[in-house]
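The values are calculated or read from the model by the stated rules, or taken from the named source; none is laboratory data. Keep in mind it's a predicted model, so treat the numbers as computed, not measured. Cβ placement follows ideal geometry from the backbone for every residue including glycine, while neighbour counts extend to all protein chains displayed. What goes into the accessible areas is simple: the full protein's heavy atoms, side chains included, and nothing from ligands, DNA or RNA. Shrake-Rupley method; radii C 1.70, N 1.55, O 1.52, S 1.80 Å.
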Amino acid sequence: MRFATPEYLYLLLLMPLLVAVYIYSNYRRRKQLKEYGDVELLKELMPDVSQYRPTVKFWLATVAVALLVVVLARPQFGSKMESVTRQGIETVIALDISNSMLAEDIAPNRLEKSKKMISKLIDKFENDKVGLIVFAGDAFVQLPITNDFISAKMFLETISPSLISRQGTDIGAAINLAMKSFTPEKEVGKAVIVITDGENHEGGAEEAAKAAAEKGISVYIMGVGSLEGAPIPAEASNDYRRDKDGNVIVTKLNEEMGQNIAKAGNGAYIRVDNTNNAQRLLEKEIDKLAKADVTTEVYKDYDEQFQFVAWIALILLVLDILILPGKSRFTRNFNLFGDNK
């Protein structure tokens, strides 16, 4: 589904304001009635006044107006799928979400800096495809490779160390899983971007990167952190994580290991610090990849669907007109619902 003129949807932001004005006006009216005298006595003196009909009429009109705004936005549904060929690349991003990525030597912390960097990179993609993998002691696919960049950024926001219970940093497992995540299309530039602080607790990372390079997949390592290191904040505490002897754990960037993995993967190593230099360098490296034809299934033809919404709005407006604000003679003498309101 899409909207042909989505700018009209901004008018819906006025609806909460209208509701607030209506609630406030009702409050002022009730307050003024109390100043005249006893409310129950006033009800007896005004038998034709309905307590609930004005409210019903207001909500009918409000919903009808909201639906008319949707009509103006022209909702459309795709009716025909077509294969569209465009020039692009495929990128799988493997993000380290181990607890050490919470260290704050990179502001606001290593993980949040990495997520912002990924978000900006996705904004640069056009006819490309992207996938997300998260890893710590294990690795799993957070988002299969896709050209749905909106979903990619939504999944990115949900990433945190709590997604994986087994701690550690298995870079090799992340690269191996990334290799399986690409489409079978050939001649398409493919890259694995591993974002980590480099504290690899498992072996096989260089071997995995070399195997990826042999398949034409470049492996880039983004080293996040400082060489001096930083303590890891403890969860739900103002303290830092400590080892079994009570000493504060300091996590340091293992830059040498990151460089070795990138070299084995025929890619590049890029240091991530508190500047935007890493972002620019990464984008330049990605631009070097060969862009080939990428086939994507998309909706080509769209049918207008505003008629159905317009009919609902019309029915609500007719009901609003038919319902009188006061009680009719019929309802005063015979109350169908038993409350004569």
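Being touching a residue at least 12 places away in the same chain (Cβ under 8 Å) and in contact with a Leu (Cβ under 8 Å, 6 or more places away or on another chain), is that true of even one residue in region 121-128? Yes, region 121-128 contains at least one residue that is touching a residue at least 12 places away in the same chain (Cβ under 8 Å) and in contact with a Leu (Cβ under 8 Å, 6 or more places away or on another chain).
One residue stands out in region 65-83 among those that are open to solvent by less than 30 Å² (accessible area, probe 1.4 Å) and in contact with a strand residue (DSSP E or B) (Cβ under 8 Å, 6 or more places away or on another chain): the one that is modelled with the lowest pLDDT, namely G78. Pairing each residue of region 160-179 that is over 11 Å from L95 (Cβ atoms) with any residue that is among the acidic types (D, E) and open to solvent by less than 30 Å² (accessible area, probe 1.4 Å), provided the two are 6+ apart or on different chains, yields C-beta distances under 8 Å for T169/D96; T169/D197; I171/D96.
Of all residues in region 1-26, those that are open to solvent by less than 50 Å² (accessible area, probe 1.4 Å) have Cβ atoms under 8 Å from Cβ atoms of residues that are of a type in the set (K, R), 6 or more apart or on another chain, in A4/R74; T5/R74. If the condition is being closer than 25 Å to E104 by Cα and open to solvent by less than 20 Å² (accessible area, probe 1.4 Å), then region 114-130 contributes S114, K115, M117, I118, L121, I122. When the test is whether a residue is touching a Phe, Trp or Tyr at 6+ places or on another chain (Cβ under 7 Å), open to solvent by 10 Å² or more (accessible area, probe 1.4 Å) and over 21 Å from S98 (Cα atoms), G267 passes it. Scanning region 143-167 for residues that are of a type in the set (S, T, Y), over 23 Å from K215 (Cβ atoms) and not in a helix (DSSP H, G or I) returns T158, S160, S165. Quick check on G204: is it among the small types (G, A, S), open to solvent by less than 10 Å² (accessible area, probe 1.4 Å), closer than 22 Å to A262 by Cα and at pLDDT below 95? Criteria not met by G204.
In the set (1) open to solvent by 10 Å² or more (accessible area, probe 1.4 Å); (2) hydrophobic (A, V, I, L, M, F, W, C); (3) part of a helix (DSSP H, G or I), the condition left unmet by F140 is number (3).
Filtering region 293-314 to residues that are assigned to a strand (DSSP E or B) and either at pLDDT below 65 or surrounded by 13 or more Cβ atoms within 10 Å (Cβ to Cβ) (or both) leaves D293, V294, T295, T296, E297, V298, Y299, K300, D301, Y302, D303.
Every residue, every condition in (1) open to solvent by 60 Å² or more (accessible area, probe 1.4 Å); (2) at pLDDT below 95, yes or no:
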{"residue": "N176", "(1), (2)": "yes, no"}
{"residue": "G189", "(1), (2)": "no, yes"}
{"residue": "K210", "(1), (2)": "yes, no"}
{"residue": "G223", "(1), (2)": "no, no"}
{"residue": "R241", "(1), (2)": "yes, yes"}
{"residue": "D245", "(1), (2)": "yes, yes"}
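When A152, A94, A107 are screened for being open to solvent by less than 30 Å² (accessible area, probe 1.4 Å) and at pLDDT below 95, only A152 passes.
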